[in-house]
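This report concerns only the one structure given below.
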Amino acid sequence: MSQDRAEPATTVVLEELASWSEDLCRQELPSVLPRLLSMYQCSDNWKDHIRVLKILTEMFLPHINYLALEQSFFSQVLPKTVKLFDDMMYDLSGQARELSSQNLELQATLRNILQSMVQLLGALRGCVQHVCTLQESIVLENIHSLPSSVLRVIKSTFVHCKNSDSVYAGRLHLVSDLLQALFKEAYSLQKHLMELLDMVCMDASVVEEDDTSDMVSVIHSVLDICSVISDMDQAFHANTWKFIIKQSLKHQAVIKSQLKHKDIMAALCEDILFSFHSCLQLAEQMTQSGTQDSADNKLFHKRVKLCRFFANSLLHYTKEFLPFLSDSCCTLHELYLQIHSKFPPSLYAPVIPKAQEKEILSVFLVALDPLISQLLSFTPFVEAVLGDKLDLSSELQLPQCLLLVNIMDKLPSQPENVQSLWCERSQYSEHKPRMSLLEAIFYSFEQCSGELSLPANLPEVTTKGQAEVAVTLYQYVCVHLCTFIASFHPSLFPELDVTLLNAVLNSGMITSLLAMDTWCFLARYGTAELCAHHVFIIAHLIKSCPGECYQLTNLSVLLRRLLFLMDTDHQMEFIQKFSPKEAENLPLWQHISFKAFSPEPKSQIANEVTMVGIAQCKKWLSSRHTLGELESVNVALSALLTVCNSISEALEMGQQAGVLEAVSPLWTILHVNQVSSQPYVQWTLSLLLPLLGFFVQAVEPQLISQVVTLQTSLLKLDPPDYVRLAILDFVSSLGRIFFPQAIQEKVLPSLPSIFTLLLTDKSWLIEQHTLEAFTDFAEGTNHEDIVPQCLNSEETKNKVICFLEKTRMVDETARARVDRIKQEKRVLNGHFVKVKVEREGCLSTLQPRAKRIRQEFPLEEEYRSTLQIAEGALEAVQLLLQRSPAPGWLTVKLEELQMKINTLKSCAQPSASSCNKNT
């Protein structure tokens, strides 16, 4: 009964107060305010709460002294107000899913709650507006509770409105009018609060710690609201961000060390990407629809304007707070890459109108390019961009490469310490491991396989004052790399040398080629002494490089190119230092083009290399044939082949005969099984075939027949690609000769089978070379009748016709080609990652090798090699028996061999301790 009597009493009091004049409120404030505050705290009825709150804010708040606002009013009223709002929101959200048009009672309840919430927000707006009218400069200490309370209510409102579709489960239309009113009231409340906070003054010399904390808390709270409204109202969203940036900069001196810069930067970058992608999507829709009406254009320009605002805000904020952005550098790096991945020449750029593309790009170029300039001297950014463990997705690899080139272009204007920061590897334990800029460029360039094969084109000004032209990615990177080297600081040259050498030794051909082009520019740009110094170093590296490997191939290509850039005096010094007369230098001369030298020394070098090469072959032939010594023969053959490739026309007839005389006997040791199983013998064959091709018109017909027969049998055993290429080299040369009648029956039927087999090879490289070899053979041969026999299927005929007419067999649209290259790039990137992991694993576990276990049979390899030679010789005899009758002495010779085999078998028995050499 007492509560029932209390409620009417409260109503009577409130009704009476509502009729008071402004003067009466001012006079009775000291006595009435405590009573009203007590009623507000004790009331459990939402309607009474709202009525008391409205009387407090509308009738008595204006008469409270500004300095007493916090203690006597805000701290007493606002906590209860926030709790009331939270309770209403809880009840609203909890019952909203049950809303239906049939449940009128629940509908009325929910609408009453929403109306009460609108009134509560209106009361808070009244508080904010009142404070704004008091004075121009406001101290946060005097309104401590107001900003935090209002921001909490605003955020809760926006979250509810944002989630309204799911909260009201399809019944939104029953309350949509009140939700709109609620949103508008919250919108207005935030707008007035930002105006109020814009009036806050914080003097760095006298500011209180609590004021600093309050302002920091306000900025972070508004940041939270930003994430809620980002896709609700673009203009409101932009104004909210404008407030955050403005207040952060305005009070920078007192709050810079307390702001959560990482969160602010992350949110800003996220919103930049969101607005950026929305621009792209709209432009893409305009392209797909094929129409660009005024409404679409207007909306597009609004979104571009929003992008420009965000980009400029980022640039401004970064400039002012750079020392505090260590944790944001990865985010900035990612932002740059994400944006540039959506513009040509990226394979992942959407197709949008050129005008819209240019407009969007101009916005971000204006902001992102100066942003990179700001970050150049910032070590955390260097570590983010050059991170040793940096693994990027396929679509970000080209932007990374272009970013590195952009940075490289900016460095010449930077101080030496900034250049060193980028161009030297981190050498101190406190720094994160990272590559140097040049290393990173080569590494990143290697990953742009798709853009290199397309090829992707970039705009470039080739001559100052001229219009831009389209250049390939390779040209673009190479030119900028060489330009950078031309301005390289002398202290960084050791790093340059190491990087170029490592890149030349890279397993990726295109990366190695880029390094070679750059090195050749360095040789031309530098002094003659520098070029000679590099040539001598590379020559020593080649001599010390064991066996055959891709690193040796790369070094030899570089050496050949640099020799052309040496002056004559240094070339003569090179000849003296690495004399071609010495057999020990033959491994070097096999990789050198004699065309690099002037006529007189060229002829002398060719003669000396030829004589040494012939001597090496004869020495091996006259000695015991062992696999261990075959490497020296291969070196000699390679050197002779180099002479023929360089200046075959300058060789005298006697020298040609000498080469042919030296290499022809080597065919007696080549047998099918031996070639198919022994890499050294395979390499020998791959050198002998092109050598015979040079002198094919002087080769004995019987030897040609033997070689063709060997090739036919060998191809059935699936030899390595380099052996197939050598076979193609030889059969191509056969078009220059007319086969004598004695060997036509053996040779002519074999040629179609060779070409047919290789024209259907699975390797595109072999297929391409086969087409070239077949064309050369067909155009030159006198045996035209076998040409059609090589084309035994319609597919093969079409392939050859397309090659001759230079047309593609399969038409591919531009879009299909890009999609195919994307797939290829994914495969290659997987390979790069695997190689990188394996390389790092090898380096991390690198230990001295264990001692080799002593073999039980020390000459086991020699035994195997010798027996394979014998087995091959017997197979060759068997082939001869199939082609012609055996001579009379053959049976006697075979019996002698059988006796020797029986003797060797008895010596090989475990019980035999020795074997008489004369047996």
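The values are calculated or read from the model by the stated rules, or taken from the named source; none is laboratory data. Treat the numbers as computed from the prediction; the structure is a model and nothing was measured. Positions of Cβ are backbone-derived with ideal geometry, glycine not excepted, and every protein chain shown enters the neighbour counts.
With respect to being under 23 Å from Ala606 (Cα atoms) and either in contact (Cβ under 8 Å) with a residue 40 or more places away in the chain or touching a helix residue (DSSP H, G or I) at 6+ places or on another chain (Cβ under 7 Å) (or both), Phe574 fits the description. The residue that is surrounded by the most Cβ atoms within 10 Å (Cβ to Cβ), counting only those in segment 511-527 that are among the β-branched types (Val, Ile, Thr) and in a helix (DSSP H, G or I), is Thr518. Scan segment 713-733 for residues that are at pLDDT 90 or above and among the polar types (S, T, N, Q) and the total you get is 2. Restricting the first member to segment 496-514 and to residues that are of a type outside the set (A, V, I, L, M, F, W, C), and the second to residues that are surrounded by fewer than 19 Cβ atoms within 10 Å (Cβ to Cβ), the beta-carbon pairs closer than 7 Å and six or more apart or on different chains are Ser507/Tyr550. Those helices (runs of 4 or more DSSP H) of segment 134-239 in which 1 or more residues are touching a Lys or Arg at 6+ places or on another chain (Cβ under 8 Å) occupy 164-167, 176-197, 209-229. Quick one: in segment 585-610, which of the residues that are in contact with a helix residue (DSSP H, G or I) (Cβ under 8 Å, 6 or more places away or on another chain) and exposed (fewer than 15 other Cβ atoms within 10 Å of the Cβ) is nearest to Leu541 (Cα to Cα)? If we take residues in segment 585-610 being in contact with a helix residue (DSSP H, G or I) (Cβ under 8 Å, 6 or more places away or on another chain) and exposed (fewer than 15 other Cβ atoms within 10 Å of the Cβ), then Lys595 is nearest to Leu541 (Cα to Cα).
Among the residues of segment 310-335, write down those that are assigned to a loop (DSSP other than H, G, I, E, B) and free of Cβ contacts under 8 Å to residues at least 40 places away in the same chain. If the condition is that a residue be assigned to a loop (DSSP other than H, G, I, E, B) and free of Cβ contacts under 8 Å to residues at least 40 places away in the same chain, then no residue fits.
Listed by first and then second residue, the pairs linking a residue in segment 465-482 that is free of Cβ contacts under 8 Å to residues at least 60 places away in the same chain to a residue that is acidic (Asp, Glu) and in a strand (DSSP E or B), with Cβ atoms under 7 Å apart and 6 or more places separating them unless they lie on different chains, are Glu468/Glu460; Val469/Glu460; Val471/Glu460.
Among the residues of segment 423-431, are any closer than 27 Å to Leu335 by Cα and of a type in the set (Lys, Arg)? Within segment 423-431, one or more residues are closer than 27 Å to Leu335 by Cα and of a type in the set (Lys, Arg).
With the requirement that a residue be in a helix (DSSP H, G or I) and in contact with a strand residue (DSSP E or B) (Cβ under 8 Å, 6 or more places away or on another chain), what does segment 366-401 give you? Residues satisfying the conditions are Val382, Glu383. Where helices (runs of 4 or more DSSP H) fall wholly inside segment 669-753, the ranges with 2 or more residues that are touching a residue at least 12 places away in the same chain (Cβ under 8 Å) and under 26 Å from Ala636 (Cβ atoms) are 672-677, 679-694, 701-715, 721-733. Scanning segment 539-564 for residues that are part of a loop (DSSP other than H, G, I, E, B) and within 21 Å of Gln604 (Cβ to Cβ) yields a count of 1.
Here is the figure for segment 336-364: residues that are more than 15 Å from the chain's Cα centre (by Cα), surrounded by 15 or more Cβ atoms within 10 Å (Cβ to Cβ), assigned to a helix (DSSP H, G or I) and not charged (D, E, K, R) total 5.
Restricting Ile244, Ile272 to those that are surrounded by 15 or more Cβ atoms within 10 Å (Cβ to Cβ) and farther than 12 Å from Leu306 by Cα reduces the list to Ile244.
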